[in-house]
Amino acid sequence: MLGQQNREQDELFVSGSLRDLIPPDHVLYRVNRVLDLSWVRDAVAGCYCLDNGRPGIDPEAAIRLMLAGFLVGIVHDRKLMREAQVNLAIRWFAGYRLHDQLPDHSSLTRLRQRWGESRFRELFERTVKCSVRAGLVAGDVLHVDATLIRANVSLDSLVRRHIEDVLVANAEGALLTGPPHVKRRAHVVSKTDPDCAMATSSRKTFTEPTYKQHVAVDDRAGVIVDVVITPGDVNEGNIIEEHVANAAQLIGHEATTVTADAGYAYGKVYAALEERGIDPIIPAKAEPPPSGVIPLRRFKYDAKHHLVRCPSGKLLTRSSKTWHGWYYKARTQDCRICDLRKRCLSPTVGRRSVVISDGHAALLRARRRRGRWSAHEFRLYGRHRWRAEGVHAEAKRWHGLQRAVRRGLWNMSIQSYLTATVLNLKRLAA
């Protein structure tokens, strides 16, 4: 017969615990079994006055609310508290009964401001240590990668700032004033979030105001062992050594192998990893195709005396520093009378200059090795693609990391730490 449900309920009576109403396969139910926040109260006690003022939100309950939101993909506080009003699983996970009043969404904002990003960094690090104790982290092979996160700003907030003008204005014309022939450079910044930077992941797309998340992922179970947030224009090659050091401190020993994509293929990266006794599985960038100009490999570099000898036997000396190496320039009179001038320089250039990267010898070794990768090395690099890049995809698709929720580098760091925490908790719960 046709059934009928009476929807008029004056009151709701629940016999037993709310836990009985949560399915055992629900993500909050599973994470609750491995989540230990007994340390939080003591960790944040210094942020409160212990004998004066109105009692605040229980610190463990506040963190559980934030984690619950990130676990179910709700990263905005206002939307989270609206959902918690009617979601039994979130209420139970945070420790609120049916008749308990939930805190206002603005309370979570004030808590983040009061605690600072260091407490959320500690929360993330504790999940790494728990994963190590659970045997989910081996620490031998790390996969390192970076991804851009769109900043929470409008394109209308972008302005062009002339760097030299700002420096001169701040210094009142003293010390920082550059020479008159220096070209004026325009730097695009956001008025509402000056911490972000303009960047793009492809030459086919426009630059946008972004942050960049750098992660190091362990090979065994995909646990994130380190995460760093920077403005979007920071090169990932500058962060990899910090990753390795942080991971070694949390895991308890140094990694033996680190994999990364070609965005990390700089001489200084290879040299830094080799110096720590780590095998870098990073595909070296191929040399530029022949363009009619004598290539860099024809120039002989003397690392001991910091000199470069050109194919004609003339010396090039150090001139200026770049972020990843040094410029070496020849003398104008040497290039003027050189027999190879037409093959080495364009008619409008007076002398040849080359860039020798830091760790040049390590870069040459990586290029020679790239053509002789073994099956094991190809397998490790293949695992990098779905371990490290898969973490970014999971975080962006399911946990709201596609776009920054709030403004400021410290806010973006907290969002990243919470996202990495819930990803590690999912691995522990599994």
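The values are calculated or read from the model by the stated rules, or taken from the named source; none is laboratory data. From a predicted model like this one, the values you see are computed outputs, not experimental measurements. So basically every Cβ, Gly included, is an ideal-geometry build from the backbone, and we count neighbours across all protein chains shown.
Kindly provide the set of residues from segment 91-117 that are loosely packed, with under 15 Cβ neighbours inside 10 Å and touching a residue at least 12 places away in the same chain (Cβ under 8 Å), ordered by number.
Scanning segment 91-117 gives 95, 97, 98, 104, 106, 109, 114, 116.
Out of the residues in segment 83-126 meeting the condition of being acidic (Asp, Glu) and not in a helix (DSSP H, G or I), tell me which one is nearest to the chain's Cα centre (by Cα).
Here the residue is 104.
State all residues of segment 292-330 that are within 16 Å of residue 357 (Cβ to Cβ), surrounded by 12 or more Cβ atoms within 10 Å (Cβ to Cβ) and of a type in the set (A, V, I, L, M, F, W, C); if no residue qualifies, say none.
Correct list: 296, 299, 307, 308, 316, 326.
Is it true that residue 241 is of a type in the set (Asp, Glu) and in contact with a strand residue (DSSP E or B) (Cβ under 7 Å, 6 or more places away or on another chain)?
For residue 241, the condition - of a type in the set (Asp, Glu) and in contact with a strand residue (DSSP E or B) (Cβ under 7 Å, 6 or more places away or on another chain) - is not met.
Determine whether residue 73 is assigned to a loop (DSSP other than H, G, I, E, B), of a type in the set (Gly, Ala, Ser) and within 29 Å of residue 428 (Cα to Cα).
yes
Can you name the condition, by its number, that residue 57 falls short on among (1) touching a residue at least 24 places away in the same chain (Cβ under 8 Å); (2) over 26 Å from the mean Cα position of the chain (by Cα); (3) part of a helix (DSSP H, G or I)?
Unmet condition: (3).
So how many residues does segment 307-352 have that are under 19 Å from residue 287 (Cα atoms), assigned to a strand (DSSP E or B) and in contact with a Ser or Thr (Cβ under 7 Å, 6 or more places away or on another chain)?
The total comes to 3.
Condition test on residue 62, is it modelled with pLDDT under 95 and either in the same structural domain as residue 23 (by TED's automatic domain parsing) or of a type in the set (D, E, K, R) (or both)?
No.
Of all residues in segment 34-54, how many are within 29 Å of the chain's Cα centre (by Cα) and either in a loop (DSSP other than H, G, I, E, B) or farther than 24 Å from residue 117 by Cα (or both)?
Count: 6.
Which residue is nearest to residue 130 (Cα to Cα), if the candidates are limited to segment 185-220 and must be hydroxyl-bearing (Ser, Thr, Tyr) and in a strand (DSSP E or B)?
211
Please tell me if residue 418 is more than 28 Å from residue 136 (Cβ to Cβ) and either touching a His at 6+ places or on another chain (Cβ under 8 Å) or in a helix (DSSP H, G or I) (or both).
No, not satisfied.
Return the residues of segment 254-282 that are over 20 Å from the mean Cα position of the chain (by Cα) and either surrounded by 19 or more Cβ atoms within 10 Å (Cβ to Cβ) or β-branched (Val, Ile, Thr) (or both); say none if nothing qualifies.
256, 267, 271, 278 - these are the residues of segment 254-282 that are over 20 Å from the mean Cα position of the chain (by Cα) and either surrounded by 19 or more Cβ atoms within 10 Å (Cβ to Cβ) or β-branched (Val, Ile, Thr) (or both).
Just give me the residues in segment 221-251 being of a type outside the set (A, V, I, L, M), in a loop (DSSP other than H, G, I, E, B), over 21 Å from residue 270 (Cα atoms) and in contact with a helix residue (DSSP H, G or I) (Cβ under 9 Å, 6 or more places away or on another chain), in sequence order.
Selection gives 222 alone.
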